[in-house]
Structures are given as structure tokens and as C-alpha cells.
Amino acid sequence: MTNAPAPAATVQPPYFLGVDVGGTGIKIGLVDDLGQTLAFESIDTEEPAGPAAAMSRVVDVLDAFLAARNLTRGDIAAIGLGAPGPLDLASGLLVEPPQLPHWANFNLRQCLADLTGRPVAMNNDANAAACGEAWLGCGQGSSSLVLLTLGTGVGGGIISDGRLIGGTNSFGGEFGHLIVDPSPTARLCGWGGGRGQLEAYASATAVMLRTRQRLDQGEPSLLSRIDGEVTPLDVYRAATAGDPLAIDLIDEAARWLGVGITTIVHVLDPGLIAIGGAMTFGGNDSPIGRRFLDQIRAEFRSRTFENVYEGTRIVFADIGSDAGYLGAAGFARQKLASGPHPNATA
């Protein structure tokens, strides 16, 4: 997937703005009704300056997009906004997002709506990415899917019969907090709570902690040559070089993901599980990435019924890092189609 502007001859109104807010960067895309990107820019979040300042800079980018195409804000049918949780989607509030400590209890949706005069549909960033995959990525042609995003934590989104599931407490799809190990000695999540939860076993943070533990135990590895923190990218590179410890660390994360996916499928039966985020170990383009996916599938197969295994696809997500802003725009588009004003979330 690329965010290179679409050819003018293929552009189809109406237009939507997708905004994907992260702890360090904000991705902003002007998108048409076909999901084609007409303009794209990424800006620094500048988190300590606060959310109002960030939204003001988003609007500056929007106005520049519009001026370059002789459009006005009135040409924007709706704006989609994805942000890290926890959120109160009914009210549009960021609650206490760990990535955005200076943004707690701020009504981000209302702020952007007030600044632009346009309706804003807000969702969790991983839910937005799930909408992107359903609209333009690996979920095209499927009525249901679950997306797992592997990064610092484990996020996720649920599309069921074409509808995004947000949940009563805006907590739907938070698969990183799925219990995979109920034992009293189970690992703790990196944020200090959540014993035995999936992101303590299958996130980038978990891989980094597990690598350090095993190196400290004296296991031989190319990774021992690295000064300081060992990242999942380092683990991937060592695995590509044939390092046994690195390969085992990736296999271990895959097995835990298979455990978590089994529970997800046994509850939701979506037919399609997509794996995305920053930690895919090269994805389909790499033998290590393909091994990672095969190990996930094998663990799932060992724990489910054969007909369920045969009826469930587990694949890498297609859109990559563009899924957030594209999915946010797609969610706004969907909300606009379902009612007169998309300042609601489910």
C-alpha cells in the first residue's frame, strides 16, 4: 500500500480526512470515496504541547490539502479520527492514554469538530486499522475479521458482519489483555499489571524482556554482542542469520499468539485473522516472517477443531502503517452512510 496521490482522473468524491494519532507522530490523509489517497502528510505529535495544539496543526495540514485542490472544508464529508486508548468513545474523550500523558481526559473528537466545522467519527487506533483492512486490505470480500496489531503492546479490532464492535466500555478488541496464562507466576505486562495477558508474551515489549532474560541466563547468541536494549528488529536480523536463540524467541511469541487466537476464534469465529503492526518479522517478504505465521497457524490447529481450522484464514495484514488513517477515513465514511451525523462510534 502506498500513500502516493491518486491520479486526478480516477478521483471520486465525496472526500474524507483520516487522522491517525500516535505517541510520536500523527498521520493525516485526504481520501476519496474509493479509498484512494489524494494527499498525505505525517507530523510530529509534540505530545507535551497538548492535544489542542496538535489538532490545530492537523487543521493547518487539512487547509493546505484543500487549497492545493481548490476545495473548501465544506467539501469534506466527514473526518475520521483514530487515537490510542483507553477512550470513552461515547463522549469522544481520551481517558488516560499511556502514550499521551498530557492529553488525559480531553475531548479530542469535539476539539477537531469545533476547529473544522465538520462531523468527526472517532475510534481506537487499532479499531481504525481494522476498518482499513476490511475496506481496502486483506478483508475485502469478507464480512468479518479480527485484526491483531503487534507493537509495544497488542492491539486489535473486530469487524463482525460488516460492523465494528466497540463494546459497552469502549474496550472491544483489546486482545492484548486476553488471559493466556492463568498461573500465579505468569508474566506481567510491561505497564505493571495484567498478569498472564497476551501482550506480556507476544508484544515487542515482551520479546525484548524475554530476550534480555535469556541472555542474562547465559544462552549463546549473536544478540549478546549488542550493547544496550535488544529490539525485535535485532532479533529478526539475528534469526535471519540463523541464530538459534533468536529463532526460538520468535517461535515462542508465535506459539503464544496461537493460544490467544484460539480463544478469539472460539468466541467470535470471524473466519479471518489478520496480523499487523510493527512486529511481523518481515512479513510475507521474509522466510522468518513466513515461519512466524506458520508457527501461529500450527499452534492454532493443535488447539481447535479441524473444521474450524480449515474455515479460518490467518494472514498478514495488507495495508501496513497506512491502515490507521485509511481506516479512520473509512469509519467516518461508514458512519456518514448510516446516519446524518457520524459523531457517534458504534
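Every test in (1) among the small types (Gly, Ala, Ser); (2) within 19 Å of the chain's Cα centre (by Cα); (3) over 24 Å from residue 336 (Cβ atoms) is passed by residue 121 save one, and that test is (3).
Just one residue in the set 186, 204, 239 is closer than 18 Å to residue 257 by Cβ, in the same structural domain as residue 300 (by TED's automatic domain parsing) and within 18 Å of the chain's Cα centre (by Cα); that residue is 204. Of all residue pairs spaced 6 or more apart or on separate chains, those with beta-carbon atoms under 9 Å, a first member in segment 325-346 that is under 14 Å from residue 113 (Cβ atoms) and among the polar types (S, T, N, Q) and a second member that is surrounded by fewer than 15 Cβ atoms within 10 Å (Cβ to Cβ) and modelled with pLDDT of 50 or more are 345/90.
Checked against the criterion of being over 21 Å from the mean Cα position of the chain (by Cα) and basic (Lys, Arg), segment 311-328 contains not a single residue that satisfies it. Only one of the listed residues (148, 108, 112) is out of contact with any Cys (no Cβ under 7 Å at 6 or more places or on another chain), closer than 18 Å to residue 322 by Cβ, in contact (Cβ under 8 Å) with a residue 12 or more places away in the chain and surrounded by 24 or more Cβ atoms within 10 Å (Cβ to Cβ). That residue is 148.
Of everything in segment 115-145 that is surrounded by fewer than 21 Cβ atoms within 10 Å (Cβ to Cβ) and of a type in the set (Gly, Ala, Ser), the residue that is nearest to residue 173 (Cα to Cα) is 144.
Here are some residues: 118, 109. Which one is modelled with pLDDT of 95 or more, of a type in the set (D, E, K, R) and in contact with a helix residue (DSSP H, G or I) (Cβ under 9 Å, 6 or more places away or on another chain)?
Being modelled with pLDDT of 95 or more, of a type in the set (D, E, K, R) and in contact with a helix residue (DSSP H, G or I) (Cβ under 9 Å, 6 or more places away or on another chain) holds for just one of 118, 109, which is 118.
Against the list (1) exposed (fewer than 15 other Cβ atoms within 10 Å of the Cβ); (2) under 18 Å from residue 251 (Cβ atoms), the condition residue 285 fails is (2). Each residue in segment 294-309 was checked for being out of contact with any Lys or Arg (no Cβ under 9 Å at 6 or more places or on another chain) and either crowded, with 20+ Cβ neighbours inside 10 Å or not hydrophobic (A, V, I, L, M, F, W, C) (or both), and 9 pass. Every condition in (1) touching a residue at least 12 places away in the same chain (Cβ under 8 Å); (2) among the aliphatic types (A, V, I, L, M); (3) surrounded by fewer than 20 Cβ atoms within 10 Å (Cβ to Cβ); (4) under 25 Å from residue 132 (Cβ atoms) holds for residue 164 except the one numbered (3). In segment 19-41, the residues that are closer than 20 Å to residue 127 by Cβ form Cβ pairs under 8 Å with partners that are assigned to a strand (DSSP E or B) and polar (S, T, N, Q), at six or more places apart or across chains, as follows: 25/42; 26/42; 27/42; 28/42; 29/37; 31/37. Scanning segment 176-194 for residues that are modelled with pLDDT of 90 or more and within 24 Å of residue 158 (Cβ to Cβ) turns up 176, 177, 178, 179, 180, 181, 182. Candidates are the residues of segment 277-316 that are at pLDDT 95 or above and either assigned by TED's automatic domain parsing to the domain that holds residue 31 or part of a strand (DSSP E or B) (or both); the one that is nearest to residue 236 (Cα to Cα) is 316. Contact map, segment 247-267: first residue in the same structural domain as residue 231 (by TED's automatic domain parsing), second residue surrounded by fewer than 17 Cβ atoms within 10 Å (Cβ to Cβ) and among the aliphatic types (A, V, I, L, M), Cβ cut-off under 8 Å, separation 6 or more or different chains; pairs are 258/298; 265/308; 266/308.
The values are calculated or read from the model by the stated rules, or taken from the named source; none is laboratory data. Since the model is a prediction, treat every value here as computed from it, not as a measurement. Backbone-built Cβ (ideal geometry, glycine too); neighbour counts: all protein chains shown.
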